[in-house]
Amino acid sequence: MNTSTRLTRYLTEKSMPFKLLPHFHSNSSVGSAITANISLKQLAKAVLLINHDDKKLMAILPAANKINLSALNDSLHGVYRLMTEKEVYQQFSDCSHGAIPPAPDSYHLNMVFEQVLEQLSEVYLESGDHETLICISQASFKALMTQGKHLNFSREVFH
């Protein structure tokens, strides 16, 4: 499978310039960053959550970080859990399994994102396949994140 058609169409429609960065096949965001020779801190990954009312939420954080669900639920005054693989695959049918682009507007999802991502000059995104990343400027990343809450809900686990 190639990059997400929804994502590339969305970026093009919003006039957000982007570069494609091919890399060796990888089954994880950590592996993608390593094979693409970029910092884990520069790669934004998506974690899909859902609450008891079936409200979906995309949490976006650096690949070097692990989500702290308790901190996120406290900040949002809610009770979210990780979506099952089946739920994720249904939502992202144009993507390879496990290669979810952190671009919630293109999938009509609510979002939160880790504040530390605002400090990067360029941000790399999973593209919907396991062999390509998308690089965007900080200005484009901020434009992608305008509808989301800027929170601190993760911690670095890889250095």
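The values are calculated or read from the model by the stated rules, or taken from the named source; none is laboratory data. On a predicted model such as this, the values are computed, not experimentally measured, just so you know. Here Cβ is always computed from backbone atoms with ideal geometry, including for glycine, and neighbour counts include all displayed protein chains. Ligands, DNA and RNA are stripped out before the accessible areas are found, and what is left, the full protein with its side chains, is counted by its heavy atoms. Shrake-Rupley method; radii C 1.70, N 1.55, O 1.52, S 1.80 Å.
Computed quantities for the displayed model
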item: Some residue of segment 95-102 being free of Cβ contacts under 8 Å to residues at least 24 places away in the same chain, more than 21 Å from Ala33 (Cβ to Cβ) and surrounded by fewer than 16 Cβ atoms within 10 Å (Cβ to Cβ); result: no
item: Residue among Glu122, Glu118 that is modelled with pLDDT of 95 or more, surrounded by fewer than 19 Cβ atoms within 10 Å (Cβ to Cβ), among the acidic types (Asp, Glu) and in contact with a helix residue (DSSP H, G or I) (Cβ under 8 Å, 6 or more places away or on another chain); result: Glu122
item: Set Asn73, Asn65, Asn51, Asn27: member being polar (S, T, N, Q), on the phi < 0 side of the Ramachandran plot and within 14 Å of the chain's Cα centre (by Cα); result: Asn65
item: Residue selected from segment 11-31 under the condition aliphatic (A, V, I, L, M) and in contact with a Leu (Cβ under 8 Å, 6 or more places away or on another chain), by the criterion least open to solvent (accessible area, probe 1.4 Å); result: Met16
item: Qualifying residue in segment 75-86 (condition: within 19 Å of Arg155 (Cβ to Cβ), modelled with pLDDT of 90 or more and either among the hydroxyl-bearing types (Ser, Thr, Tyr) or in contact with a Ser or Thr (Cβ under 6 Å, 6 or more places away or on another chain) (or both)); result: yes
item: Scope segment 32-71; condition open to solvent by 20 Å² or more (accessible area, probe 1.4 Å), part of a helix (DSSP H, G or I) and not β-branched (Val, Ile, Thr); matching residues; result: Leu40, Lys41, Gln42, Leu69, Ser70, Ala71
item: Index of the failed condition, Met111 passing every other in (1) touching a helix residue (DSSP H, G or I) at 6+ places or on another chain (Cβ under 6 Å); (2) in contact (Cβ under 8 Å) with a residue 60 or more places away in the chain; (3) not in a loop (DSSP other than H, G, I, E, B); result: (2)
item: Filter result for Glu131 (farther than 21 Å from Phe141 by Cβ and open to solvent by 40 Å² or more (accessible area, probe 1.4 Å)); result: yes
